[in-house]
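Any read-out appearing in this document is the output of simple, stated calculations on the displayed coordinates, not a laboratory observation. These numbers come from a predicted model, not from an experiment. As a convention, Cβ positions derive from the backbone with ideal geometry for all residues, glycine included, and neighbour counts pool all protein chains shown.
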Amino acid sequence: MTIRTGELRKMQVSVDDAHLVQYHLPLGDELIHMNELIGQSITLTSSGEIRCINCAKKTKKSFNQGYCYRCLITLAQCDSCIIKPEKCHYHEGTCREPEWGEKYCLSEHFVYLANTGTLKIGITRHVSDLVSSRWMDQGATQALIFLKVKDRLTSGLVETLCKAHIGDRTNWRTMLKGVPEDQDLLSMKNTLLENIAAPLAELQQNQGTDAVSFVDSVPVDIHYPVIQYPEKVKSINLDKTPAFSGQLLGIKGQYLLLDEDRVINLRKYAGYQASLNIN
């Protein structure tokens, strides 16, 4: 039996040459390659102690996937405009942390289509080898970048135009129930661009011609290390069930898939002090 102990964080993701997602779980000072544990029995136990992933102070309750309440209401990365980028207010001089906003919000963003069980629109800052960690965190099996914008506010305005035709949410239960049918993302992109052509042109006129540019890319396929998907998803709540054991049957998004149709979103419990036993 191998036991690792430390503070949980969201799993780090990357893809190999076959675009199979590789998962590494930070637990204290260790980085555990979770793909190697698939098929094995594991036990995860929470000690009950929670520390804010920003200030490291103890907190009785975790907010926004790992923050204490004080950090929730003071950090720019926890502001409501992170969820709704069209409400970015840096240009109004009211950003909670202007330096943080300059680094993260005034940089280029990309608008994409993704297949997470249903078609969705989204935005991302980072794309490495045409693959974004955001797609992997969302459990997307296909994704396609089609627009590049100058900053976060503009990305939100473009996303709002697209949301009139395509949703922006992932149904996590649908995402976890299997591999969805392939979608013709190129055709859907063309249809979407036709539908938003007029308001997008108006937005470019208001924001500047260089505010939005078209990206000519091909759809990316993404695969996940899963040997069996759940038929009926049963979510484990670490606050109510501080210890659980089972066979690890796969990983998708930020979820561990276990036997008996159980799943747990590890990202939700960032900052929790825990131990992982590998039986």
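Comparing Ala164, Ala76, Ala198 in a Gaussian network model of the chain where C-alpha atoms under 10 Å apart are linked, the largest mean-square fluctuation is found at Ala198. With contacts taken as Cα pairs under 8 Å and at least 6 residues apart, the range 5-45 reaches a relative contact order of 32 percent.
When only alpha carbons are used to place a centre, the range 1-24 and the range 200-279 end up 12 Å from one another. From a point 7 Å beyond the Cα of His24 in the direction of its Cβ, which residues of the range 36-52 have a backbone N at a distance under 20 Å? From the range 36-52, the list is 36-38.
Nearest-5 percent of antiparallel DSSP beta bridges in the chain? Before the final figure, lay out each step's value.
On the way: 55 of 58 bridges.
Just about 95 percent of them are antiparallel.
Where in the chain is the longest stretch that carries no GluC sites (Glu not before Pro) classed as loop by DSSP and with at most 16 other Cβ atoms within 10 Å? Don't skip to the answer; put the middle values down first.
On the way: sites that count: Glu108, Glu181, Glu231, Glu260.
The segment 1-107 is the longest one with no such site.
Basic side chains Lys and Arg get +1 at the Cβ, acidic Asp and Glu get -1 at the Cβ, and with that the dipole of the range 128-171 about its Cα centre reaches some 120 debye. Charge dipole (Cα centre; +1 on Lys/Arg Cβ, -1 on Asp/Glu Cβ; no other charges) of the chain amounts to roughly 1260 debye. For the chain, the longest principal axis of the alpha carbon atoms and the long axis of helix 185-195 meet at an angle near 40°.
Among the listed pairs Lys120/Lys232; Lys163/Lys252; Lys60/Lys240; Lys120/Lys163, those with a Cα-Cα distance over 20 Å are Lys120/Lys232; Lys163/Lys252. Estimated from helical segments only, the mean residue ellipticity of the chain at 222 nm is -5500 deg cm²/dmol, where each DSSP H run of four or more residues counts as -39500 (n - 2.57).
A crude spin-label estimate for the pair Arg70 and Ala197, with each label 7 Å from Cα along the Cβ direction, gives 5.5 nm.
Using C-alpha pairs below 8 Å separated by at least 6 residues, the relative contact order for the chain is 31 percent. Extension gain for Val179 to Lys84 (0.36 nm times residue separation, less C-alpha to C-alpha distance): 31.3 nm. Distance from the Cα centroid of the range 179-199 to that of the range 67-119 is 25 Å (rounded to whole angstrom).
Report, in listed order, any pair from Lys103/Lys150; Lys58/Lys103; Lys87/Lys148; Lys87/Lys150 with a Cα-Cα distance greater than 23 Å.
Lys58/Lys103
Axis angle, to the nearest 10 degrees, between helix 197-207 and the longest C-alpha principal axis of the chain: 90 degrees. Here the label points at Ala56 and Ile227, each 7 Å from Cα along the C-beta direction, are separated by 3.9 nm in the simple model.
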